[in-house]
Amino acid sequence: MIEFFRSLPVHFKSAIQGVLRHSATAFSAISAVSVTLILMSLFMILTGNITKFTRNIESDFKIHVSIDALQEGEDIASLETKINAIQGIKSIEYSSKDDELRKLKEENPAIFGMYEEGDANPMRDVFIIETTSPESIESVTQQLNEMEGIKKAEYGGDGVSVMISFFEALRNGGLVFVIALSLLAVFLISNTIKMTIYARSTEIGIMRNVGATNWYVRIPFIIEGMFIGILGAILPLILTYFGYGYLYDVMDGKFLSSMFVMEEVYPFVFDICLILLGCGILVGMIGSFMAVSKYLRWKR
Amino acid sequence: MILLENVSKSFKNGVHALRDVNLYIEEGEFVYIIGPTGSGKSTLIKLLDGELVPTRGRVVVADTDVGKLRHSKVPLYRRNIGVVFQDFRLLPELTVFENIAFALQVIGLDKVTIRRRVREILELVSLEDKAKSFPRELSGGQQQRATIGRAIANRPRVLIADEPTGNLDPEKSQEIMALLEKINIEQNTTILMVTHDSNLVDMNKKRTIALEEGYIVADIQKGGYIHHD
Ligand SMILES: Nc1ncnc2c1ncn2[C@@H]1O[C@H](COP(=O)(O)OP(=O)(O)OP(=O)(O)O)[C@@H](O)[C@H]1O
Ligand SMILES: [Mg+2]
């Protein structure tokens, strides 16, 4: 262990020398990292905003519970208490069938104007329920549907839920894409570093000849990969930082309609930049680890 | 210190470089390995160094079964032995000083100790004025001495040298021989030295083992070069 720390300055020196000495190949590895990180950044911006959109839409979600004919010995108040016992309910609001009809008449007098309040009213008394989180909507709705005295509990319009599942798919697709992209970058970097290491496979053999352990040989290459990752992250970081700020200003903070409010610039871009830098370093380290491990096996 | 038991080595191309070699070398011995070109001398060195694994038999150096070492353990084993390679194997991007220092760095010595020891070594192999030169800027004989310096730097218990005087004139050869004998006596280092140099073997008589087509054909305690017709 002491041996390890004592050798660190030497490793750093030889890593920097490595990048400088093989500047042409290092440059192509750096470009590979840059391209990957830029695409990664685009997808993170996209998915970040999609998440935000979905959250906005979902927070508008309310469960519509139409009440069946009341059971004997039960009134609205006691049904409300029973419903309130379900986990995940934030608020519950009663609206009589006459209130419901009045709302519809206001929205669309041409169609609903013909209906009368009172006994001829086709509407039902309802509860309008808000859940504590969008995720619990489904389970709460299900539990409500199983309760006695409830005709039907439902949420959202079809359009909205289609949109949400579309967003979900886009987000998952983006995630898969980003992971695939990172693997590709690891492969590219590993290949590029393999080329720089190939030229040094004799050197690696000699190092082992004079007693350098595999880790001792690996470390400068891994640090070199880390440098490549950091250098490759510079351009994507700058583009992300200024690009998103610019986009936000141009779009005035929303996408198409005010229903899609964009993620605020800060701390969103900081988070993305941090992730990009981390990914760059990680990808560089893994790539060079793989490359050097291959050539370590080259000779005994 | 060094034990070979029924050791054979053949290569994929069908060449049998060593055939059923049995050999025991005691701690503190100084032994020559002689033989014509292609007789398996370097192969023997590579088996001792762990670079090659015997096809059959056992190679034991300093209580280590060298052929059975795991790949990752081979460098650790090498810290106990010094090897002078026929093809030098100096790191091309490092100066002579750095090359010798590297062998000491990897075993974790501190800077001050390393610097002191490298100076000492450079003086022993008379390369003080070449400390800052890169291997490509040296003559064959100078590179050879740098390699010898690196091999002895960490005072190994066993020194294995493949033609350490191959590129040196008789005067320099004698100097190196004197150095190796000094290490052999003062540090009780076991030395195994491959050589083609009949004059050197005749002048500094020691146990001499002759290889021919992979067989040990002679093992003479009092030495002297075996001449072929
Ligand atoms: N890696 C290898 N693959 C195939 N054959 C090899 C390999 N290394 C050595 N040989 C063969 O094994 C035989 C012994 O080679 P070795 O290098 O041990 O000879 P040597 O005694 O050191 O010769 P020299 O005096 O010329 O250095 C030779 O016929 C050589 O061609
Ligand atoms: Mg040879």
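What follows is calculated from the coordinates using simple rules that are stated; it is not laboratory data. None of these values were measured; they are calculated from a predicted model. Here the Cβ positions follow ideal geometry from the backbone for every residue, glycine too, while neighbour counts run over all protein chains shown.
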Report the relative contact order of the range A:168-300, percent, no decimals, based on alpha-carbon pairs under 8 angstrom and at least 6 residues apart. 46 percent
Using the Karplus equation 6.51 cos²θ - 1.76 cosθ + 1.60 (θ = phi - 60°), what ³J(HN,Hα) coupling, rounded to whole Hz, does each residue of the range B:192-202 give in order, writing x for Gly and Pro? 10, 10, 8, 8, 9, 7, 5, 4, 4, 5, 5
Given the -39500 (n - 2.57) contribution per DSSP H run of 4+ residues, what per-residue ellipticity at 222 nm results for chain B, rounded to the nearest 500 deg cm²/dmol? -9500 deg cm²/dmol
For the protein assembly as shown, would you read off the P(r) tail past 45 Å as a percentage of all alpha carbon pairs? 46 percent
Per 5 Å bin from zero, what fraction in whole % of the C-alpha pairs of the range B:154-229 is there, up to the bin with the longest pair? 3, 13, 24, 27, 19, 10, 3, 0, 0
So how compact is the range B:90-155: Cα radius of gyration and Dmax in angstrom? 10.5, 31
Note down the relative contact order for chain B as a percent, whole number, built from C-alpha pairs under 8 angstrom at least six residues apart. 27 percent
For chain A, set up a GNM with springs between Cα atoms under 10 Å and report which of A:I111, A:I222, A:I45 has the largest fluctuation. A:I111
Before rounding to the nearest 500, sum -39500 (n - 2.57) across all DSSP H runs of length at least 4 in chain A and divide by the residue total; then give [θ] at 222 nm in deg cm²/dmol. -24500 deg cm²/dmol
Between helix A:2-21 and chain A, what is the angle of the helix's C-alpha long axis to the longest principal axis, kept within 0 to 90° and rounded to the nearest 10? 90 degrees
Is the C-alpha gyration tensor of the range A:62-155 telling us rounded, prolate or oblate? Criteria: a/c under 1.5 is rounded; beyond that, a/b larger than b/c is prolate, otherwise oblate. oblate
Report the charge-dipole magnitude of chain A in Debye, nearest 20, computed about the Cα centre from +1 at each Lys and Arg Cβ and -1 at each Asp and Glu Cβ. 3680 debye
Which value, in debye to the nearest 20, describes the size of the charge dipole of the range A:62-155 about its Cα centre when Lys and Arg Cβ atoms bear +1, Asp and Glu Cβ atoms bear -1, and nothing else is charged? 260 debye
Please state the charge dipole magnitude for the protein assembly as shown, taken about the Cα centre, from unit charges on C-beta atoms (+1 on K and R, -1 on D and E), reported in debye and rounded to the nearest 20. 3800 debye
Express as a percent, rounded to the nearest 5, the fraction of DSSP beta bridges in the protein assembly as shown (both residues included) that run antiparallel. 65 percent
Filter A:K194/B:K73; A:K62/A:K105; A:K90/A:K151; B:K41/B:K182; B:K9/B:K132; A:K299/B:K172 down to the pairs with a C-alpha to C-alpha distance above 31 Å, please. B:K9/B:K132; A:K299/B:K172
Given N residues in chain B, what is Rg(Cα) / (2.2 N^0.38 Å)? 0.99
Where both residues lie in the range B:102-223, what percent of DSSP beta bridges are antiparallel, nearest 5? 50 percent
Given a 10 angstrom Cα cut-off, can you work out which residue in B:G38, B:G166, B:G141 is the most mobile in a GNM of chain B? B:G38
Once both axes come from the Cα atoms, what is the angle between helix B:111-124 and the longest principal axis of chain B, in degrees from 0 to 90, rounded to 10? 70 degrees
